Amino acid sequence: MPILQAEHLSYTYGAGTPFERQALDDVSLSLEEGEFLGIIGHTGSGKSTLAQHLNGLLRPTAGRVLFRGRDIWANPRDARKIRFSVGLVFQYPEYQLFEETVARDIAFGPRNMGVPDAEIGERVAQSMALAGLSSDLADKSPFELSGGQRRRAAIAGVIAMAPDVLVLDEPTAGLDPQGRREILDHIRLYHETRGSAVVLVSHNMEDIARYASRIAVLKRARLWMEGAPRDIFSRAGELEEAGLSPPPVTRVMQALRDKGLPVDTSVYAIEPAAQEILRMRG
Amino acid sequence: MLKDITLGQYFPGNSVVHRLDPRAKLILTFIYIIALFLASGFLTYAVMLAWLVLAVSLSRIPLRMFLKGLRPLLFIVILTGLLNVFYTDGRVLAQWWIFRITLEGLLMAVRMIMRILMLVTGTFLLTYTTSPLQLTDALERLLGPLKRIRVPVHELAMMMTIALRFIPTLIEEADKIMNAQRARGADFDSGNIIRRARALVPLLVPLFVSAFRRAEDLAVAMESRCYHGGEGRTRMRVLAFRAADAAILAAFLAISAGVGVLGVVGF
């Protein structure tokens with residue numbers, strides 16, 4: 001049984017006002033236990049709205065969200081509990097930090113869950129390590145940290161709740177390539193150590209290509225494509241139509257093929273691409 | 001939830017009301033409020049209501065938007081109505097235990113409710129049809145003479161512009177932070193007053209921090225574009241007071257004067 005499922009999900013913002021806008025239209029998607037799913041889409045395609053449905057922050061206009069087969073809105077009073085099982089890291093999460101020290105801020109989630117004090121210290125230390133924060137930062141004010149550190153502290157704050165599913169909405173927005181790489185590598189580290197499912201929402205195909213084992217593409221509020229990265233990226237032309245630029249490597253391979261070199265264009269990472277080109281040269 | 005706040009909201013459009021000079025609109029609204037308080041009888045209220053209905057329909061803003069803005073006032077309106085119905089002496093229409101309804105009370109209640117609703121609808125019409133920029137521009141021009149006695153009119157108007165500009169931004173920001181904290185299990189909606197107040201800390205700290213950050217960014221952006229206050233500053237869009245504006249203003253002034261006189265006499 002999938003751990004998380006969206007069934008015919010639709011959501012409309014500002015229903016009945018002049019600003020009415022449909023953000024999700026009949027989206028069905030499922031997430032298996034321990035899977036690393038990537039969701040990509042152009043700005044305004046409904047990615048963030050979908051992310052906020054997965055942990056019950058938004059209530060679907062139509063359709064259902066199932067966690068381990070149970071409708072999370074079956075009893076609206078229990079909807080808060082789902083947030084402990086499905087952790088959501090928002091866009092620019094560093095703006096949510098508020099405590100006096102990093103450690104206390106990370107402890108905010110576990111405290112709200114009612115985790116005993118004795119266990120909290122350990123959870124904080126573990127999630128700081130998983131998020132790539134050195135332990136001497138624990139007693140600093142979050143406002144003394146650098147931008148990248150602050151973001152990792154915020155991610156650690158969600159990891160500390162030990163959710164079964166971790167959803168990250170554009171976790172690398174506004175970071176330089178190195179900061180991006182560091183964050184994503186730590187997310188992968190978290191995924192591998194804990195074995196919990198991860199949903200990575202992004203408009204950056206390169207990020208998604210490198211880390212996700214399955215990809216869903218949203219286009220104008222609808223689920224447009226779904227499949228393994230290889231299958232998705234072999235349809236580069238269609239992706240570009242949807243306003244998404246394929247990873248640079250894929251574009252290089254495409255260009256080579258256009259020039260008459262019969263390379264495999266579904267390659268999306270650097271090493272396989274290099275091998276593929278070497279193979280061509282014999 | 002927070003997004004439902006309509007305060008200071010502007011609905012872009014190109015109706016007669018939208019195009020009216022903002023200074024004229026500001027004066028009109030001011031006179032409208034005074035006239036509304038002078039009106040007392042059926043006739044004067046009818047005239048005021050006719051004006052309001054005309055202006056609202058000319059603005060082409062859906063009636064729904066006005067109703068939405070009035071909804072938060074429902075409690076005050078009902079309370080005012082009830083107080084007036086029960087606490088006015090006069091001809092008794094019905095009586096039950098200590099409650100007594102008088103004809104005068106009923107009329108008074110209707111009058112007060114009408115007054116509140118018309119007052120608020122009138123001011124909504126101003127903010128719905130005038131962009132914050134135009135509004136503060138008009139205010140600055142109207143208060144211009146005060147510059148002579150060293151009142152920093154331009155600076156005050158600029159502060160107002162910035163404040164209005166950032167209301168929606170901060171509301172959106174508050175919404176976002178609330179959701180982020182909810183995702184970490186924060187509970188804003190239950191518990192007693194003290195618990196609720198403490199639950200606001202995770203919202204207010206980040207909100208203040210971000211407001212200061214935005215203020216700093218804005219100050220730097222203004223400075224790097226050489227903003228130096230009002231002295232010698234020219235405008236890209238100069239307000240033009242046209243004949244039509246003057247005519248509408250004059251007509252409204254005349255009618256309001258009439259309403260004022262009739263109202264004081266008691267019609």
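The values are calculated or read from the model by the stated rules, or taken from the named source; none is laboratory data. Here the structure is a predicted model, which means the values were calculated and not measured. Virtual Cβ from ideal backbone geometry, glycine too; neighbours counted across all protein chains shown.
Quick check: is even one residue across region B:217-234 in contact (Cβ under 8 Å) with a residue 40 or more places away in the chain, under 27 Å from B:Asp245 (Cα atoms), crowded, with 16+ Cβ neighbours inside 10 Å and not small (Gly, Ala, Ser)?
Among the residues of region B:217-234, not one is in contact (Cβ under 8 Å) with a residue 40 or more places away in the chain, under 27 Å from B:Asp245 (Cα atoms), crowded, with 16+ Cβ neighbours inside 10 Å and not small (Gly, Ala, Ser), which makes the answer no.
Do you know which residues across region A:108-124 are assigned to a helix (DSSP H, G or I) and within 10 Å of chain B (Cβ to nearest Cβ)?
A:Phe108, A:Gly109, A:Pro110, A:Arg111, A:Asn112, A:Met113
Looking only at region B:100-130, which residues are outside any helix (DSSP H, G or I) and either on the phi > 0 side of the Ramachandran plot or at pLDDT 85 or above (or both)?
Within region B:100-130, B:Thr130 is the sole residue that qualifies.
Counting only residues that are in a loop (DSSP other than H, G, I, E, B) and among the polar types (S, T, N, Q), which one in region A:141-161 is farthest from the other protein chains (Cβ to nearest Cβ)?
Per the stated criteria, the residue is A:Ser146.
Collect the residues in region B:52-70 that are over 14 Å from the mean Cα position of the chain (by Cα) and either assigned to a helix (DSSP H, G or I) or more than 14 Å from every other protein chain (Cβ to nearest Cβ) (or both), keeping them in residue-number order.
B:Leu52, B:Val53, B:Leu54, B:Ala55, B:Val56, B:Ser57, B:Leu58, B:Ser59, B:Leu63, B:Arg64
Kindly check whether there is at least one residue in region B:181-201 that is more than 14 Å from chain A (Cβ to nearest Cβ), free of Cβ contacts under 8 Å to residues at least 60 places away in the same chain, outside any helix (DSSP H, G or I) and farther than 28 Å from A:Asp169 by Cβ.
yes
Kindly evaluate B:Ala174 against the criterion of being small (Gly, Ala, Ser) and either touching a residue at least 40 places away in the same chain (Cβ under 8 Å) or in contact with a strand residue (DSSP E or B) (Cβ under 7 Å, 6 or more places away or on another chain) (or both).
Yes.
Within region A:87-102, work out how many residues are surrounded by fewer than 22 Cβ atoms within 10 Å (Cβ to Cβ) and either in a loop (DSSP other than H, G, I, E, B) or more than 7 Å from chain B (Cβ to nearest Cβ) (or both).
Residues meeting the conditions: 7.
Of the residues A:Val267, A:Val249, which single one is outside any helix (DSSP H, G or I), closer than 22 Å to A:Tyr211 by Cα and either touching a Lys or Arg at 6+ places or on another chain (Cβ under 8 Å) or not aromatic (Phe, Trp, Tyr) (or both)?
A:Val267
If you scan region A:1-16, which residues turn out to be closer than 15 Å to A:Ile72 by Cβ and of a type in the set (Val, Ile, Thr)?
Selection gives A:Ile3 alone.
For residues in region B:131-180 being of a type in the set (D, E, K, R), within 14 Å of chain A (Cβ to nearest Cβ) and surrounded by fewer than 16 Cβ atoms within 10 Å (Cβ to Cβ), which is nearest to B:Arg233 (Cα to Cα)?
So, considering only residues that are of a type in the set (D, E, K, R), within 14 Å of chain A (Cβ to nearest Cβ) and surrounded by fewer than 16 Cβ atoms within 10 Å (Cβ to Cβ), the one nearest to B:Arg233 (Cα to Cα) is B:Glu172.
Please verify whether region B:239-246 includes one or more residues that are among the basic types (Lys, Arg), away from chain A (no Cβ under 14 Å) and either in a loop (DSSP other than H, G, I, E, B) or under 30 Å from B:Ala35 (Cβ atoms) (or both).
Yes, some residue in region B:239-246 is among the basic types (Lys, Arg), away from chain A (no Cβ under 14 Å) and either in a loop (DSSP other than H, G, I, E, B) or under 30 Å from B:Ala35 (Cβ atoms) (or both).
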